[in-house]
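Below: one structure, written as structure tokens.
The values are calculated or read from the model by the stated rules, or taken from the named source; none is laboratory data. For clarity, every value in this text was computed on a predicted model and none was experimentally measured. Note that we place each Cβ from the backbone using ideal geometry, even for glycine, and neighbour counts take in every protein chain shown. Each accessible area value is taken on the protein alone, full model and side chains, heavy atoms only, with ligands, DNA and RNA left out. Shrake-Rupley method; radii C 1.70, N 1.55, O 1.52, S 1.80 Å.
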Amino acid sequence: QVRLVESGGGLVQTGGSLRLSCVASRSFFSIYAMGWYRQAPGKQRELVATIASGGNVNYADSVKGRFTISTDNAKNTVYLQMNSLKDEDTAVYYCLARILGNDYWGQGTQVTVSS
């Protein structure tokens, strides 16, 4: 098992940037993949970005070229750098760890983009 704690959310103007962080309670060893999902009001949770243990990354089409996922293995932390934010990026962002076929989630951090 793993405990995930997100931070870095907040209110930002359209076109601005935020960096989300997710600290895991254990090392990334044996964690197959880490990622970020988001859920807007009235919508289903959707993939934002994932990064596998081998380094392969995957992005939702809606964030490609604007968001970057990265990890700092020494700090057991995964980041999501979000640039050129749009109103439609407003959502609760959740951190995910996938271990041996099981998914573990953080509590979420709110990102609000407003003009």
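Quick notes on this one:
Here's the yes/no breakdown for (1) of a type in the set (V, I, T); (2) at pLDDT 95 or above; (3) closer than 26 Å to G101 by Cβ:
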| residue | (1), (2), (3) |
| --- | --- |
| G10 | no, yes, no |
| G15 | no, yes, no |
| I31 | yes, no, yes |
| R38 | no, yes, yes |
| V57 | yes, yes, yes |
| T68 | yes, yes, no |
| K75 | no, no, yes |
| M82 | no, yes, no |
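- Test: residue in region 72-85 that is within 16 Å of G16 (Cβ to Cβ), surrounded by fewer than 18 Cβ atoms within 10 Å (Cβ to Cβ) and over 10 Å from the mean Cα position of the chain (by Cα): yes
- Sub-9 Å Cβ pairs linking a first residue in region 94-107 that is of a type in the set (F, W, Y) to a second residue that is in a loop (DSSP other than H, G, I, E, B) and open to solvent by 80 Å² or more (accessible area, probe 1.4 Å), at least 6 apart or interchain, are Y94/R45; Y94/Q107; Y104/Q1; Y104/R3, ordered by first then second residue.
- Meets criteria (of a type outside the set (F, W, Y) and buried (at least 18 other Cβ atoms within 10 Å of the Cβ)) for A91: yes
- Of everything listed in (1) open to solvent by 10 Å² or more (accessible area, probe 1.4 Å); (2) touching an Asp or Glu at 6+ places or on another chain (Cβ under 9 Å); (3) assigned to a loop (DSSP other than H, G, I, E, B), the single unmet condition for V63 is (1).
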